[in-house]
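Notes for the one structure printed next.
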Amino acid sequence: MSKSLDTEKLELEVKSMYREVAETADAEFHFETGRELAERLGYDSDTLTSVPDEAIDSFAGVGYSFGMANLESREDVLDLGSGSGMDAFYAAMNVTETGSVTGVDMTPEQVEKATDLAGANGFHNVSFHQGYIEDLPFENDSFDVVISNGVINLSPAKDRVFEEAHRVLRSGGRLVLSDIISERQLPESTKNNADLWAACIGGAEQVDSYTSLVEATGFDLSEVQENTEYEFISDQASNACQKYGVKSISLSAHKP
């Protein structure tokens, strides 16, 4: 974490941006949102028909990692940074009603929207909680799979996120995520820009450092792949991507 980054300002910036994503999905952001993005990344269109439209409209993920996740019936899944619930509802279609999906997000408006959508659309095995992914409100060994999509890069304490994911996973459990990384070290001016952090750029860790953080927590890394279909859309974001190799990856790891 950059020593000059104002983490309180960062949290306010992130909450503000993703409050707007929840409430005004068609606003202009540094990144894409919605169904067209989801389908281009690899989400199955037939499965998406069972996901509430309002959740899809606010989808702001950076990759598709469900192919790696291989979710099965009866599994308990935790979604870190669940937003308006798109990935949680999609996961629920995979684990069926014999499993469960729990989402955690720090933005109240996202949690409220996702909770309302779950109730209105009969997702009885899906629940959402307001909280921080660095300090999860769950017991040890509670889940079979932890998923996340474009969120961990927003945390200034990524080591804590991976430690918490490891803690709440059962032995043999899987961590499967998509996130934004960089090929080269970002300059301090970018790392200290709260707006670029909230846009999923300023907090991008170099890919080797990112995977090292995962492994240092005790995970065995299984697979890393680049999500070539993802791209940022604002000029400011695109310039940073080209200059520093900022891009999307998906990875899977397991807890021995």
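The numbers here are math on the coordinates, done by the rules we state, and not lab data. Please read these numbers as outputs of a predicted model, since none were measured by experiment. Cβ: placed from backbone, ideal geometry, glycine included. Neighbour counts: every protein chain shown.
Can you work out the Karplus-derived ³J(HN,Hα) for every residue in the range 102-115? Use 6.51 cos²θ - 1.76 cosθ + 1.60 with θ = phi - 60°, whole Hz, and x for glycine or proline.
With the stated coefficients, the range 102-115 comes to 10, x, 10, 8, 8, 8, x, 5, 5, 5, 5, 5, 5, 5 Hz.
Could you bin all the Cα-Cα distances of the range 7-254 into 10 Å bins starting at 0 and give me the percent of pairs in each, rounded to whole numbers?
Over the range 7-254, the share of Cα pairs per 10 Å bin runs 8, 35, 40, 16, 1 percent.
Show me 178-185, 221-228, 240-247 ranked by packing, highest mean number of other Cβ atoms within 10 Å first.
On the way: 178-185: 20.4, 221-228: 13.9, 240-247: 18.1.
Put in order of decreasing packing, that is 178-185, 240-247, 221-228.
Specify which residue in the list ALA237, ALA88, ILE181 is farthest towards the positive end of the charge dipole of the range 7-254, using unit charges on the beta carbon of Lys, Arg (+1) and Asp, Glu (-1), about the Cα centre.
ILE181
Starting with the highest mean, order 33-40, 75-82, 63-70, 44-51 by the number of other Cβ atoms within 10 Å, averaged over the residues of each peptide. Intermediate values should be presented prior to the final figure.
Values: 33-40: 16.9, 75-82: 26.5, 63-70: 20.1, 44-51: 13.6.
Packing order, densest peptide first, comes out as 75-82, 63-70, 33-40, 44-51.
Extending each Cα 7 Å along its Cβ direction at GLU188 and ALA120, get the distance between those two points in nm, one decimal.
4.8 nm
Counting Lys +1, Arg +1, Asp -1, Glu -1, what net charge surrounds GLN242 among other residues with beta carbon under 12 Å of its beta carbon?
0
What ratio of Cα Rg to 2.2 N^0.38 Å holds for the range 99-233?
Normalised Cα radius of gyration, the range 99-233: 1.11.
Compute, for the range 95-162, the length of the dipole vector about the Cα centre, with Cβ point charges of +1 (Lys, Arg) and -1 (Asp, Glu) only. Units Debye, rounded to 20.
Computed about the Cα centre, the dipole is about 180 debye.
Is any residue of the range 205-236 close enough, with backbone N under 13 Å, to a label point placed 7 angstrom from the Cα of ARG167 along the Cα-Cβ axis, and if so, which?
Nothing falls inside the zone, counting backbone N under 13 Å.
Evaluate the distance, in nm, between pseudo-label points positioned 7 Å from the Cα of ASP135 and of LYS243 along their respective Cα→Cβ axes.
About 3.5 nm, to one decimal.
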